[in-house]
Amino acid sequence: MRLDFFIAHATGLSRREVRILLARGEITVNDELRPKANLQLQPGQAVRCRGTLLSLPGQRYLMLHKPAGVVSSTSDRDGTSVLQLIPAELRRDLHIAGRLDADTTGLLLLSSDGQWSHRITSPKSSCSKVYRVTTARPLTGEMIGQLRSGVLLRGEERPTLPAQVEQLDDCCLRLTIDEGRYHQVKRMLAAVGNHVEALHRERIGLLALDPALAPGEHRALTAEETALF
Ligand code: URA
């Protein structure tokens, strides 16, 4: 694993903060001063921050900018799995806290802590999810009104809870929902006579996708971010 990834995962610091620590000479690897951020760590090497030995914590909490074309699965039987985007050293026991469809992009949370993930995904949690939705056809006032009040999804008996809708463009809206039904956003748009062309998750609860992460990149959550759930 790269040194800067290791420090971020061990400390929960942001990549910017890790760069500052390295630049200030506060990190040593086997007592060597000023190691390079991209140094590939070997098993047994001792990384210290101001003399304190760093280690990967027992539990891992990560955010990934999920690109299109990878499946939210921890097995690659169904195609390329998001786990393949995470360094092998961090993969053990990781699971996904709130899946996205293969063609959906954006914020995906992964953790080894089942209780933490449950707080995000449990139907009882009031954890809102914010999506940017691009539609095939222009959005009408009637469609927006229906989405706001709640719509009946095909095959279901209970309408969706009222959603927050902000129209961004003729064919683009920001949708905030407080539930996580199967393919919910696509089915909501189908229920109002439209079709989802592209879907991107911007936020889960108070946690937004880090704009510094390019598609396919991940980082450890900070202690404050982890504590949001
Ligand atoms: N709703 C969907 O339809 N797909 C997703 O990936 C997420 C929410």
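The values are calculated or read from the model by the stated rules, or taken from the named source; none is laboratory data. This one's a predicted model, so the numbers in the text were calculated from it and none came from an experiment. All Cβ positions, even for glycine, are placed from backbone atoms using ideal geometry, and neighbour counts span all protein chains on display.
Observations on the structure shown:
- Qualifying residue in region 139-155 (condition: within 13 Å of the ligand (Cβ to nearest atom), within 23 Å of the chain's Cα centre (by Cα) and of a type outside the set (Phe, Trp, Tyr)): no
- Among the conditions (1) away from the ligand (no atom under 16 Å from the Cβ); (2) loosely packed, with under 15 Cβ neighbours inside 10 Å; (3) among the hydrophobic types (A, V, I, L, M, F, W, C), the only one that LEU85 does not satisfy is (2).
- For ASP113, the criteria (1) surrounded by fewer than 17 Cβ atoms within 10 Å (Cβ to Cβ); (2) away from the ligand (no atom under 16 Å from the Cβ) hold in every case but one, which is (1).
- Meets criteria (modelled with pLDDT under 95 and either among the β-branched types (Val, Ile, Thr) or more than 14 Å from the ligand (Cβ to nearest atom) (or both)) for THR160: no
- Residues that are surrounded by 12 or more Cβ atoms within 10 Å (Cβ to Cβ) and outside any loop (DSSP other than H, G, I, E, B), drawn from region 150-179: GLN164, VAL165, GLU166, GLN167, LEU168, CYS172, LEU173, ARG174, LEU175, THR176, ILE177
- Elements of type strands (runs of 3 or more DSSP E) contained in region 34-123, each with 2 or more residues being within 24 Å of LEU206 (Cβ to Cβ): 61-66, 105-111
- Restricting region 81-131 to residues that are of a type in the set (Asp, Glu) and over 14 Å from the mean Cα position of the chain (by Cα) leaves a set whose member that is modelled with the lowest pLDDT is GLU89.
- HIS218, sole failed condition from (1) within 18 Å of ASP101 (Cβ to Cβ); (2) under 17 Å from the mean Cα position of the chain (by Cα): (1)
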